[in-house]
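The values are calculated or read from the model by the stated rules, or taken from the named source; none is laboratory data. None of the values given here were measured: they were computed from a predicted structure. The protein model used for the area step is the full one, side chains on, heavy atoms only, and it has no ligands, DNA or RNA in it. Shrake-Rupley method; radii C 1.70, N 1.55, O 1.52, S 1.80 Å.
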Amino acid sequence: MQDGNNGKTIVRYAMEYGIYFGLFLIVKFLITTQSTKFIALNVLAEILFVSIPFVLYYLMKMYRNKEKGRVGFVHLWTFGIFLFFFASLLSGLVQYVFYQYIDPLEKQIAALLDMLAMLSNQQGSEFLQMMREGLEKGGAPTAIEMVYQTILSNVFFGSLLSMLLAWIMRSRKLKINTLR
């Protein structure tokens, strides 16, 4: 939808608001990755996860107000999809750097297998041995594959959440029958 005052399109609004939502997703990602080391961050990570619908509602409401309430279900839903896409691109950049350079996935999976072996008290288990062999043969996803998967899942689940919120926020126009 085009706003007559400033000429911004729905994609332009989604890009602008996507920066703020992307920063929110980056903070959520960083806190989530550190929540295994600090138990207090685990609670904060859960709070941030639960607050995603509220942040999305706020951004969709800001978009609706900028368009002076002239947006319907489809516009709000499309805005939400674009918003998740652009925010996921921004947070994907941080995730790529994290998975590629800071804490590689191969190292994370190896640590998980070591912890699993320690907890099960079966160092030579056939299942664990197969998992270690698969890891050595390159069975772990690359950093870009993880980012791509995250972007796709964010857009998919963001689309479903946006659909629900767009239905709640849609403009309700009263149909008045006039006699002529």
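Side notes on the structure shown:
- Calculated P(r) of the range 44-145 - Cα pairs past 15 Å, %: 75 percent
- Relative contact order of the chain, pairs being alpha-carbon contacts under 8 Å that are 6 or more residues apart, as %: 31 percent
- Rounded to 10°, Cα long-axis angle of helix 105-120 versus longest principal axis of the chain: 60 degrees
- The chain, accessible surface, carbon-and-sulfur percent (1.4 angstrom probe): 67 percent
- Spatially near lysine pairs across the chain, Cα under 25 Å, sequence gap of 8 or more or different chains: 15
- Mean residue ellipticity (222 nm) of the chain, computed from DSSP H runs ≥ 4 via -39,500 (n - 2.57), nearest 500: -25000 deg cm²/dmol
- For P(r) over Cα pairs in 10 Å bins from 0, in percent, computed directly from the structure shown, the correct entry in (i) 9, 36, 37, 15, 2, 0; (ii) 11, 39, 33, 15, 2; (iii) 9, 28, 26, 18, 11, 5, 2, 1, 0 is (iii).
- Degrees between helix 10-34 axis and first principal axis of the chain (Cα, 0 to 90, nearest 10): 30 degrees
- Taking every protein chain into account, the accessible area of the chain amounts to 66 square angstrom per residue (probe 1.4 Å).
- In whole percents, the pair-distance distribution calculated for the range 121-167 from its alpha-carbon pairs, binned every 10 Å from zero, is 23, 24, 23, 19, 10, 1.
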